[in-house]
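As structure tokens, the structure follows; a few thoughts come after it.
The values are calculated or read from the model by the stated rules, or taken from the named source; none is laboratory data. All figures in this text were calculated on a predicted structure; none of them were measured in a lab. Because the Cβ atoms are built from the backbone with ideal geometry, glycine has one as well, and the counts that use them run over all protein chains shown. Side chains included, ligands, DNA and RNA excluded: accessible areas come from the protein's heavy atoms. Shrake-Rupley method; radii C 1.70, N 1.55, O 1.52, S 1.80 Å.
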Amino acid sequence: MTITRRTFLKTHATAVGAAYVALPPSLALAAPINFKIGHDQAATHPVHLRLVEAGERIKLQTNGQFLLQVFANSQLGGDTDMLTQTRSGALEMVLMPDIILGTLVPLASINAMGFAFDNEVDVHAAMDGDLGAHIRGRIAGSGLSVMRNFWENGFRQITSSTKPINHPEDLRGFKIRVPVAPLWVSMFKAFGCGPTAMNMNELYSALQTKVVEGQENPFSIIESAKFYEVQKYCSVTNHVWNGFWLSMNSRRWSAVPATVQDIVQEHLNRSAMDLRDDVVKQKDALRKSLVERGMVLNETDPKPFRDALQAAGFYAEWHKKFGEESWAVLTKYAKAIA
């Protein structure tokens, strides 16, 4: 189910012009402000399309005074490289996976706790409410600024070239790629896996050459990255829900005039909410598409997996690491692990 940029922008185009507030003459005469933003998704992924769409709206409303260049597919480096670049100011913006940002600000990954959420309703309530605000407050002290709205990636599924994953026991000895993220390395070790941490831009070749047997990602990435070419089974585990923080170098962002900041934030936050709708609406179509491409899908029950993590001490370990206050905010919404 590949979406072309032309089709996407035509379908989601909205009337512009009269509703926009013109910039003050002093800003309209200023030299253009150029910001680059990098991410690790394919150019066909809704994340990229929504960023491009936001950039076009921003350019229009600012009369060309703010230009957002969007770089897909890790063109500017892997996630960890782009995080370093953004912290230094070499890159102005990055759409950073929460779990990778967690290597800098540990709390940024708390929403991606294993089997914490069963549905999008609870997750959205958390990220739009106290949990999202709690995380943003912690990120603010890191030299990065983040937009208000979280960019959805969705629930993640496990794929394999060797076997379906039906029960926790199926993960024992399973060689799986995970992002460079302590939380998920810890989770899969608790299942008895052999997790290998690597950035997204290395993953396809690792699957193709059998360095790892499997990986885990949402349906949209399994398709856009063409993992169906090198993976046979897709187990619907919904083991974590995660997404991206749209992060900026605080120094570079603070130099942008407040009037322009307001416009940029308005459109990027709007695109984040539009992406949320995309992810939910496309879920069934993506499942169908993967089956049509030859993947074998199987459903799983989350309770045995959650019980296995509980028995292994995984939740107790991360409860201690995140602290009482943060754990209480998480479990206000993630009642299954409270």
**Cα-derived Rg over Rh, computed across region 55-113 with Rh taken as Kirkwood radius** = 1.08
**Request:** Report the normalised scattering of region 292-338 as log10 I(q)/I(0) at q = 0.19, 0.21, 0.29, 0.30 Å⁻¹, calculated by the Debye formula with identical scatterers on the alpha carbons.
**Result:** -0.68, -0.76, -1.10, -1.13
**Message:** Can you give me the Rg/Rh ratio for the chain, using Cα atoms for both radii and the Kirkwood formula for Rh?
**Reply:** 0.97
**Message:** Quick check: convex hull of the Cα atoms in region 167-245, volume per residue, rounded to a whole Å³?
**Reply:** 97 Å³
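If you roll a 1.4 Å probe over region 243-338 with all protein chains in place, what percent of the accessible area is carbon or sulfur?
That fraction is 52 percent.
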**Asked** Given 5 Å bins starting at zero, what is the percent of C-alpha pairs of region 139-195 in each, up to the one with the largest pair distance?
**Response** 4, 15, 20, 19, 14, 9, 8, 8, 3
**Helix-only [θ]222 nm of the chain, DSSP H runs n ≥ 4, -39500 (n - 2.57) each, per residue, nearest 500** = -13000 deg cm²/dmol
**Prompt:** Given charges of +1 on the Cβ of Lys and Arg and -1 on the Cβ of Asp and Glu, with all other atoms neutral, how large is the dipole of region 162-230 about its Cα centre, in debye to the nearest 20?
**Reply:** 180 debye
**Request:** For region 245-338, just run the numbers: alpha carbon Rg, then divide by 2.2 N^0.38 Å, N being how many residues it has.
**Result:** 1.65
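Output the Kirkwood hydrodynamic radius of region 37-137, Cα pairs only, in Å rounded to one decimal. Provide the component values of the computation, followed by the final result.
Details: mean 1/r = 0.0658 Å⁻¹.
Taking every pair of different Cα atoms in region 37-137, averaging 1/r and inverting gives 15.2 Å.
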**Most positive-pole-ward Cα, G214, P164, S186, against dipole of region 132-228 from beta carbon charges** = S186
**Asked** Rounded to a whole number of µm²/s, how large is the Stokes-Einstein D of region 121-261 at 25 °C and 0.890 mPa s, given Rh as the Kirkwood radius over C-alpha pairs?
**Response** 145 µm²/s
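Compute and list, largest first, the equivalent-ellipsoid semi-axes of region 180-223 from the alpha carbon gyration tensor, each √(5λ) rounded to a whole angstrom. Walk me through the numbers before you get to the answer.
On the way: eigenvalues 64, 32, 20 Å².
Listed largest to smallest, the semi-axes of region 180-223 are 18, 13, 10 Å.
Per residue, how much accessible area does the chain show when a 1.4 Å probe rolls over the protein heavy atoms, in square angstrom? If you can, show how the numbers build up before the last one.
Values: 13800 Å² over 338 residues.
Accessible area per residue: 41 Å².
Counting Lys and Arg as +1 and Asp and Glu as -1, each charge on the Cβ, what is the dipole of region 213-338 about the Cα centre in debye, to the nearest 20? Could you put the intermediate results ahead of the total?
Working: 17 positive and 17 negative charges, 24 e Å.
Magnitude of the dipole: close to 120 debye.
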